[in-house]
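Notes follow the structure.
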Amino acid sequence: MMADYTVRDQVAVIELDNPPVNALGSAVRAGIYDGIRKADRDPNIKAVVICGKRGTFCAGADIREFDGGKNGPWITDIGDFIDNMKKPVVAAIEGFALGGGLEVALFCHYRIALKTVRVGQPEVQIGLLPGGGGTIRLPRATGLKNALDIITTGNHVPAEKAAKMGIIDQIVTGDIIEEGIKFVKSKCNIDTSLVCLRMKTVKYSGDLDDISEAAMTKVKSKFKGAIAPIVCVKSVINSAKMPYEKGIDTEKEHFQDLRHSSQSKAMRYAFFAERAITRWQLPSGGNYKTAKPLPVKTSGVIGAGTMGGGIALCLITSGIPCILVEQNQQFLDKGLEIVKAQLMRTVQLGKLSTEQAKKCFTMLKPTTNIEDLKNVDLVIEAVYEDLKLKREIFEKLDRICKSETILCTNTSSLHIDSIATATKRQSKVVGTHFFAPSYIMKLLENIYGTKTSAETVATVMKLGKTIKKVPVLVGSCTGFVANRMLKPYSEEAQYCLEEGSTPSIVDTVLMDFGMPIGNFQVSDLSGLDIGFRIKREAARKAGVELSKNSRFFLGQRNCGLIEKLYEAGRMGKKNGKGWYKYESLNGKPIVDPEVTMLIEEHCRSLGIERRNIGSQEILERMQYAMINEGFKILEEGLCTMAEEIDVIWIYGFSWPKYMGGPMYYASQIGLKKIYEKVCYYHKTFPYSMHWVPSSLLAKLSQIDLPLSEWGDVAQGRKLVNKL
Ligand code: COA
């Protein structure tokens, strides 16, 4: 049994014991169930304390069990038994009480907690609802509004707030078991049936239909396309509309439907993928287990543009003082204004108090003197994408900074070695690629160079967590993983335009799929000049002309539309004209007939006959081209597991979690189908190199292997004999 039963001073103490987080697997549930029945039977026992080992109460149901059919008593069986007990039961909480953990606690007669505790119902984040009475009991403790908020967002609630809401009866200090025993003994003379009644018969005020409608509108716009938040609202509203028992039964049915849904399966995959990617390894052999991160107590950022300013903000709001360097006072002042504005916005959103924001700002030391960085532990360079400039900066930093300082570059495409070789400390040079807007986007793509040490990698992986990002380690190549995969995706979108589609058709297809924003809207946000400059730079490097009227460029298919839009002065949202037009800086994209004419003229001049392209073809071409690139990335060892690619797309490009990420999506479609389509498009578009099929994809399309083993096949850790 994974719950210890001991007796102290006539009180039964049931301790959940399932490392590392006391997940409520079937054996743990059975342990609690047996424990309370034993305590109830024993005339020497006066009361019961339920608590958890290893400093935490319980992180909820064991997510791994959702795919199988493990049985045993369910949380509501435990709850029903406690409801009929005459002896008082208290949940004594430290650490976390999440999901099923909180549900068990809500079935106890009382809940006490340490001040540091966090409670919550995070099931919605894995595509579920709280299926152990949570949607019925929590609203009775907190009222509908709070319960709707907790259950539909999955956010954690700190102990003191939870106490105010009525979830926790008392905040305590000291040893939680001792406190639990003391508390529950003081309740031995109270009629427990009255306490239970309180949790079964609460009446709600307010118009239920209005509350329901408002909550539905909110979750539909906030979690577009996701089913679970909608079902959560329904179930919470049921708690008010239905008799208690009927509510519990209906919740169970909803839970089972969601558990078997493709969205929940994908989100459960994503949950474990996010944890799998923390187990990084370098080709040289260093890994997350053996490498020790260096402390980062002070930092520096070079470049106070939107990117650098945002990075500095991430550091100071996480308590790491930062020296922000710009080349002149004018640029520095402008950068500081951006940081200040962003801090203000954080205050407006209620994420920081004015006091906290002020304190953060004092941690920022602006300067125009790069020599001020000499004693910092880590520097992040965030100047514009120019190799010569970056090498000059790294050469300087190498000279200025103490020998322990780690030097990071926020390059989005340049090889790490090409920058690291400007220093005599290549083992301490690493890529830290942030995504715009850098303060908001969660992905941190950390890139190792040939000589980057495991200690340096461990440091930036830990730093990523500290500044509340999702750090993923990848190898170095042009564009790394994120932008390298984005390239064929965006190129196919442009080819679709010149073959017959329009920006709004393409974007609608993507958004119907679940992307929060379309490809051309993103392009307008980052600016068309960026795409144009990247192309111009590639042409310059190759020593060729960038020809907008040629269908070929560097031996590959070319679409000159971006050059034509740039030439027509369409820079994107910043000047109100890009693939769409905009009435203001915050305005929505509006279809612009001028762009349609421009595209049609482009086709006429090149003799391209336009045709109707169906949404399936648009989706397939953009996604399969990018997935094929993902397999090439695995094949080249730039990622060690497919999960890394999926996490990059979820947190870097907002791929919907309920679709698991592009590689997971590929696994659901079937690699055989994907491979055949890639071959078909390769034949149809022979001048698009991204359609050359990945040999790993070819290999895996012939066998049936779970996604978790694709990386092993790519790296020869798993030999596939069947071919
Ligand atoms: N079921 C199964 N395994 C779980 C789990 C759960 N409910 N919660 C955590 N774990 C596992 C993780 O997979 C991880 O395993 P690993 O070390 O093999 O990768 C380990 O426990 C530690 O979790 P991690 O998230 O890395 O630790 P943390 O300290 O950063 O966060 C929690 C702790 C509890 C906040 C976080 O794990 C969490 O949110 N868990 C899920 C809670 C949940 O959704 N409950 C409802 C389930 S229906």
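The values are calculated or read from the model by the stated rules, or taken from the named source; none is laboratory data. Values in this document were obtained by computation on a predicted structure and should not be read as measured data. For neighbour counting, all protein chains shown are included, and Cβ atoms are generated from backbone atoms with ideal geometry for every residue, glycine included. These accessible areas exclude ligands, DNA and RNA; they are computed on the full protein's heavy atoms, side chains included. Shrake-Rupley method; radii C 1.70, N 1.55, O 1.52, S 1.80 Å.
Applying the criterion of being away from the ligand (no atom under 16 Å from the Cβ) and of a type in the set (Ser, Thr, Tyr) to the residues of the range 237-289, the residue that is surrounded by the most Cβ atoms within 10 Å (Cβ to Cβ) is SER239. Every listed requirement among (1) within 16 Å of the ligand (Cβ to nearest atom); (2) touching a helix residue (DSSP H, G or I) at 6+ places or on another chain (Cβ under 7 Å) is met by ASN155 save one, (2). Please enumerate the residues belonging to the range 621-656 that are part of a helix (DSSP H, G or I), open to solvent by 10 Å² or more (accessible area, probe 1.4 Å) and under 22 Å from LEU700 (Cα atoms). GLU629, LYS632, GLU635, GLU643, listed by residue number. Looking across LEU364, LEU387, LEU352, one residue alone is surrounded by 18 or more Cβ atoms within 10 Å (Cβ to Cβ) and either in contact with a Pro (Cβ under 9 Å, 6 or more places away or on another chain) or under 30 Å from ILE530 (Cβ atoms) (or both). It is LEU364.
For the range 657-689, a residue qualifies if it is in contact (Cβ under 8 Å) with a residue 40 or more places away in the chain, among the aliphatic types (A, V, I, L, M) and open to solvent by 10 Å² or more (accessible area, probe 1.4 Å), and the qualifying residues are MET659, MET689. Here LEU144 clears all of (1) within 23 Å of ASP40 (Cα to Cα); (2) of a type in the set (A, V, I, L, M); (3) modelled with pLDDT under 95 except the condition numbered (1).
Go through the range 191-205 residue by residue and tally those that are part of a loop (DSSP other than H, G, I, E, B) and open to solvent by 70 Å² or more (accessible area, probe 1.4 Å). Let's see the steps before the verdict.
Just the residues of the range 191-205 that are part of a loop (DSSP other than H, G, I, E, B), to begin with: 191, 201-205.
Narrowing further to those that are open to solvent by 70 Å² or more (accessible area, probe 1.4 Å): 191, 201, 203, 205.
Final tally of qualifying residues: 4.
The requirement of being assigned to a helix (DSSP H, G or I) and at pLDDT below 95 is fulfilled nowhere in the range 263-276; no residue meets it.
Would you confirm, using the coordinates I've provided, whether LYS722 is at pLDDT below 95, open to solvent by 70 Å² or more (accessible area, probe 1.4 Å) and either part of a helix (DSSP H, G or I) or not hydrophobic (A, V, I, L, M, F, W, C) (or both)?
Considered against the rule, which asks whether it is at pLDDT below 95, open to solvent by 70 Å² or more (accessible area, probe 1.4 Å) and either part of a helix (DSSP H, G or I) or not hydrophobic (A, V, I, L, M, F, W, C) (or both), LYS722 comes out as yes.
Give ASP67, ASP83 a once-over and let me know the one that is more than 13 Å from the ligand (Cβ to nearest atom) and of a type in the set (Asp, Glu). Lay out the reasoning, then the answer.
Working: ASP67 fails: more than 13 Å from the ligand (Cβ to nearest atom).
After ruling out the rest, the residue left standing is ASP83.
Assessment of the range 488-497 against the conditions (crowded, with 20+ Cβ neighbours inside 10 Å, farther than 17 Å from ASN558 by Cα and either of a type in the set (A, V, I, L, M, F, W, C) or touching a residue at least 12 places away in the same chain (Cβ under 8 Å) (or both)) yields no matching residue.
For the range 87-137, taking the residues that are within 16 Å of the ligand (Cβ to nearest atom) and among the basic types (Lys, Arg), the one that is least open to solvent (accessible area, probe 1.4 Å) is identified as ARG137.
Would you say LYS220 is more than 16 Å from the ligand (Cβ to nearest atom) and farther than 27 Å from THR76 by Cβ? Spell out the reasoning first.
Numbers: more than 16 Å from the ligand (Cβ to nearest atom): yes; farther than 27 Å from THR76 by Cβ: yes.
So LYS220 fits the description; yes.
Scanning the range 545-560 for residues that are open to solvent by 40 Å² or more (accessible area, probe 1.4 Å) and aromatic (Phe, Trp, Tyr) returns a single hit, PHE552.
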